[in-house]
1. Which of (1) more than 30 Å from Met1 (Cα to Cα); (2) charged (D, E, K, R); (3) more than 15 Å from the chain's Cα centre (by Cα) does Glu123 not meet, given it meets every other one?
2. Just to be sure I understand the filter: pairs with C-beta atoms under 7 Å, separated by 6 or more residues or on different chains, first member in segment 181-194 and hydroxyl-bearing (Ser, Thr, Tyr), second member part of a loop (DSSP other than H, G, I, E, B) and exposed (fewer than 15 other Cβ atoms within 10 Å of the Cβ). Which pairs pass?
3. Being basic (Lys, Arg), within 27 Å of Glu96 (Cβ to Cβ), part of a strand (DSSP E or B) and more than 16 Å from the ligand (Cβ to nearest atom) is the requirement here; does Lys210 meet it?
4. From the list Gly43, Gly66, Gly73, Gly28, pick out the single residue that is surrounded by fewer than 18 Cβ atoms within 10 Å (Cβ to Cβ) and in contact (Cβ under 8 Å) with a residue 24 or more places away in the chain.
5. Would you mind telling me which numbered condition in (1) assigned to a loop (DSSP other than H, G, I, E, B); (2) modelled with pLDDT under 95; (3) surrounded by 14 or more Cβ atoms within 10 Å (Cβ to Cβ) His205 fails?
6. So Gly43 clears everything in (1) under 17 Å from Arg244 (Cα atoms); (2) within 16 Å of the ligand (Cβ to nearest atom); (3) small (Gly, Ala, Ser) except one condition, right? Which one?
7. Give segment 224-249 a look and list any residue that's among the aliphatic types (A, V, I, L, M) and over 17 Å from Gly66 (Cβ atoms), or say none.
Amino acid sequence: MKFAIQSRNDEYSNELMDRAKTYLSDFGLEWNEQSPDIVISIGGDGTLLHAFHRYREQLSTVAFVGIHTGHLGFYADWKPSEIEKLVISIAKHQFEVIQYPLLEATINYRNTEEQSVYLALNESTIKSPDVTLVMDVELNDSHFERFRGDGLCMSTPSGSTAYNKALGGAVIHPSLEAMQLTEMASINNRVFRTVGAPLVLPAHHVCVLKPVKAPDFMVTIDHLQLLHKDVKSIQYRVAKEKVRFARFRPFPFWTRVHDSFIDSDV
Ligand code: NAD
């Protein structure tokens, strides 16, 4: 089995990376950053997001696992003190693989057939470089609403505990193939009206956002942020690709939600 390690690059994470690398090599595993079977992320959820995007072209063969060197993370749920246990389980193939849904974002531009296609593990957000974002929201080819406000966020189920939650979105179990649209400070009065509630869309639905005024947008894909100019439309749907996580022990999603947001001794 081939492995790679993504470190947050602080002193502690790098020290753990060196230890894990030595242990796994001693067990006869091959360090291979080009085509690993398993990627160990050491740092926080942000480190795992980096690892996900680094191996975005190999999602069908790579399994991810995260060790947290700060607080307990959603994706980084192993403690540094458990590293030996984790290494032995990897070496003995004592893990199963679970798959979570992803979000596909396709950006179309005016005056060109070229598209930008992205996969998000957590979410994609749209904001305007102007003060107010104004966009028409279409669901399955039908006009739904004209949104005015700070921005819109489309999240995956596993990303529902991240930015989505801060925007008042629901926490969604990642076994549900869905995506969730939440509003950022929508303008609602007698003139302007939006639904004012998060929308949970199933896998076969498509959401398209179309500019009403300026065609330039700040688009985030997880931790990545880019200004896209001359945008014609932004399409969201549940991706056909999935992310694979190596699971070594039961750590139910709702226990993770409890331990992350309510109380925990980890
Ligand atoms: P980061 O790594 O510092 O992450 C920010 C925080 O989000 C961390 O506490 C991290 O543990 C948490 N987080 C990330 N993914 C999570 C998940 N799936 N469930 C629960 N918590 C999660 O910063 P970054 O590297 O820039 O990470 C980008 C992420 O930050 C984005 O994907 C977005 O979800 C999140 N974010 C959140 C807010 C907010 O809550 N208001 C605002 C911007 C970005």
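1. Among (1) more than 30 Å from Met1 (Cα to Cα); (2) charged (D, E, K, R); (3) more than 15 Å from the chain's Cα centre (by Cα), Glu123 violates only (3).
2. Filtered contacts from segment 181-194: Thr182/Gly168; Ser186/Gly196; Thr194/Asn188.
3. No: the conditions fail for Lys210.
4. Details: Gly43 fails: surrounded by fewer than 18 Cβ atoms within 10 Å (Cβ to Cβ); Gly66 fails: surrounded by fewer than 18 Cβ atoms within 10 Å (Cβ to Cβ); Gly73 fails: surrounded by fewer than 18 Cβ atoms within 10 Å (Cβ to Cβ).
Being surrounded by fewer than 18 Cβ atoms within 10 Å (Cβ to Cβ) and in contact (Cβ under 8 Å) with a residue 24 or more places away in the chain holds for just one of Gly43, Gly66, Gly73, Gly28, which is Gly28.
5. The one condition His205 does not meet is (2).
6. (1)
7. The initial filter retains those residues of segment 224-249 that are among the aliphatic types (A, V, I, L, M), namely 224, 226-227, 231, 234, 238-239, 243, 246.
Once the filter is applied, which keeps residues that are among the aliphatic types (A, V, I, L, M) and over 17 Å from Gly66 (Cβ atoms), segment 224-249 yields Leu224, Leu226, Leu227, Val231, Ile234, Val238, Ala239.
Per-residue answers, yes or no, for (1) closer than 26 Å to Leu176 by Cα; (2) basic (Lys, Arg):
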| residue | (1), (2) |
| --- | --- |
| Leu48 | yes, no |
| Arg54 | yes, yes |
| Val62 | yes, no |
| Ala76 | yes, no |
| Pro80 | no, no |
| Ser89 | no, no |
| Tyr100 | yes, no |
| Asn111 | no, no |
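The values are calculated or read from the model by the stated rules, or taken from the named source; none is laboratory data. No experiment lies behind these values; they were computed from the predicted model shown. Positions of Cβ are generated from backbone atoms using ideal geometry, with glycine treated the same way; all protein chains shown enter the neighbour counts.
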